[in-house]
Each structure stands twice: as structure tokens, then as C-alpha cells.
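Working notes, structure below.
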Amino acid sequence: MTEKSTEKVALVTGGTRGIGLEISRSLAADGYKVVALYHGNKKAAKACEEELDAKTYQVDVSDFDACQKVVATIEEKVGPIYVLVNNAGITRDGALHKMAEENWHQVIETNLTSCFNLCRAVMSYMRDRQDGRVINISSINGQKGQFGQTNYAAAKAGMIGFTKSLALESAIKNITVNAICPGYIETDMTGQMNQDVLGLILRQIPAGRLGQPQEIAGIVSFLASEKAAFINGATISANGGQYMV
């Protein structure tokens, strides 16, 4: 019988590409055993495994039972989950009066319900150990709204309320729950945007540039560290001054 690892695990959803990959890199550099969940890109998952000596699992994070199963597998075969980063997200943009019902449900389920699914799965383990960090990646558009993104903005705003409530429930067990709201970050997604639209967005950012994925990953690393042990229920904006709260 193989002895169970005691190496601390950081579980990152959507952790093999974009901001999620940088978060995985940063937590690996901090000494965590990274486990990244992904939806469909097996090539990116393989590259993440090889670069970071990480474990990856293909999981539909909107599926409650699948999340329960993968968390139990990780706890048994990889190690104790001390950090959970809910980063997985999709967009299905469109004005509400034209939005297909499935586009509403897909975004809510993937971006918001996934937070419930993963937190519900890990929380009993974290509470038993009386130690843990949950970090939810929300968005500037969950704070201020965005034309054509009622579904996405609702999900990301919901993450903020979810974060505050779970922080209240979990603080007595030495578990912190915080949210990060990135602004527009330089990723493959923004690279595919219409240049005129991107130019308009840049004019709204006082810093005059897009953010870098590493800048979001750095905040995650800080929140996962002992230095942030007294930060709980916070919403941290990282948007170059585009929206101040």
C-alpha cells in the first residue's frame, strides 16, 4: 500500500492556460504540489504537467458529482488540499434581449456554480485540518457590469457575495476566503479582441496598459501565504485604476 503524501496541494481550476497557468506556476514556485483542472485542451494540460511536475485532471467543474470525486481522489492519491483557486470561467456574450437561455446557464454554471461545487468538496477537509485558503477569481465586470455580459457579470458578482459569506463561515476554522477582481489582462483572449475595441478599453485604464497574468498570480501567492492570514472576505481589485471601489 502506497503511503499517502503529506505534500501540500494547491488546486487550481482552469489552471493550464492563461491566468490560471501563471497562478499554477506561482504556487509551484511557492512549494505547493499543483493540481490543475481543465476542461478540454489536453495539449495544454500535458505541457503544464511537464513544466511544473503537476497533476492535471479533466473535469467539468459545473458537475457537482465530478467535483466531489476529483477532490476525494486528490486527497487520497496526491495530498491534502490547502489552497483552492476557483479560476475556471467562460464567456458567452450577447445583449440580454438576444441571449439564448443556454448561454445564460452555461456561464452561471461554469463560472459561479463551480465555486460552490469545489468549495463544497474541499471544505470538509479544510475544516477538519483547521487550515486552508480559498481564492476566487472574479472580474472587474462583476463590480461594474459590462454591456453584453449580463450572464458573466452576474456570475462574477455572485462570486464576490459567495466569497464574503463563506469567509464568515470559515474564519473560526483558520480558513480564509478572498476574491480577486482582475481588469483587462493580456492573454490569448484579449489578443483576439477587435483592435478598435481594445484601444477604447486601453483609453479607460489610467495605467495605460493591460495587466499581466503574473500580476494576478502574485496576488494569489500572497493570499495563499501566511503573510495574508488576517485578510479574509476581501475583494482585491487589480485593474490599473480603471474601476475604483
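The values are calculated or read from the model by the stated rules, or taken from the named source; none is laboratory data. Keep in mind that this is a model prediction, so the values were computed, not measured. For neighbour counting, all protein chains shown are included, and Cβ atoms are generated from backbone atoms with ideal geometry for every residue, glycine included.
Of the residues making up the range 25-53, those that are touching a residue at least 40 places away in the same chain (Cβ under 8 Å), under 23 Å from Ser114 (Cα atoms) and of a type outside the set (Ser, Thr, Tyr) are Arg25, Leu27, Lys33, Val35, Leu37, His39. The sole residue among Ala88, Ala45 that is of a type in the set (A, V, I, L, M, F, W, C) and either assigned to a loop (DSSP other than H, G, I, E, B) or modelled with pLDDT under 95 (or both) is Ala88. When you look at Glu109, is it outside any strand (DSSP E or B), in contact (Cβ under 8 Å) with a residue 24 or more places away in the chain, of a type outside the set (Gly, Ala, Ser) and out of contact with any Lys or Arg (no Cβ under 6 Å at 6 or more places or on another chain), yes or no? Spelling it out, Glu109 is indeed outside any strand (DSSP E or B), in contact (Cβ under 8 Å) with a residue 24 or more places away in the chain, of a type outside the set (Gly, Ala, Ser) and out of contact with any Lys or Arg (no Cβ under 6 Å at 6 or more places or on another chain). Check whether at least one residue in the range 12-31 is surrounded by fewer than 17 Cβ atoms within 10 Å (Cβ to Cβ) and at pLDDT below 95, and report yes or no. Within the range 12-31, none of the residues are surrounded by fewer than 17 Cβ atoms within 10 Å (Cβ to Cβ) and at pLDDT below 95. Among residues of the range 168-182 that are in contact (Cβ under 8 Å) with a residue 40 or more places away in the chain and closer than 21 Å to Asn111 by Cβ, those with a Cβ under 7 angstrom from a residue that is part of a helix (DSSP H, G or I) and of a type in the set (Gly, Ala, Ser), sequence gap 6+ or separate chain, pair up as Val177/Ala167; Val177/Ser170; Cys181/Gly142. Condition first: of a type in the set (Gly, Ala, Ser), within 22 Å of Ala10 (Cα to Cα), out of contact with any helix residue (DSSP H, G or I) (no Cβ under 7 Å at 6 or more places or on another chain) and surrounded by 17 or more Cβ atoms within 10 Å (Cβ to Cβ). Can you find one or more residues in the range 80-90 that meet it? Taking every residue of the range 80-90 in turn, none turns out to be of a type in the set (Gly, Ala, Ser), within 22 Å of Ala10 (Cα to Cα), out of contact with any helix residue (DSSP H, G or I) (no Cβ under 7 Å at 6 or more places or on another chain) and surrounded by 17 or more Cβ atoms within 10 Å (Cβ to Cβ).
Taking the range 145-245 as the region of interest, the helices (runs of 4 or more DSSP H) fully inside it that hold 3 or more residues being surrounded by 15 or more Cβ atoms within 10 Å (Cβ to Cβ), within 17 Å of the chain's Cα centre (by Cα) and of a type outside the set (D, E, K, R) are 150-170, 213-224.
All conditions but one from (1) crowded, with 21+ Cβ neighbours inside 10 Å; (2) part of a helix (DSSP H, G or I); (3) of a type outside the set (Gly, Ala, Ser) apply to Glu76; the one that does not is (1).
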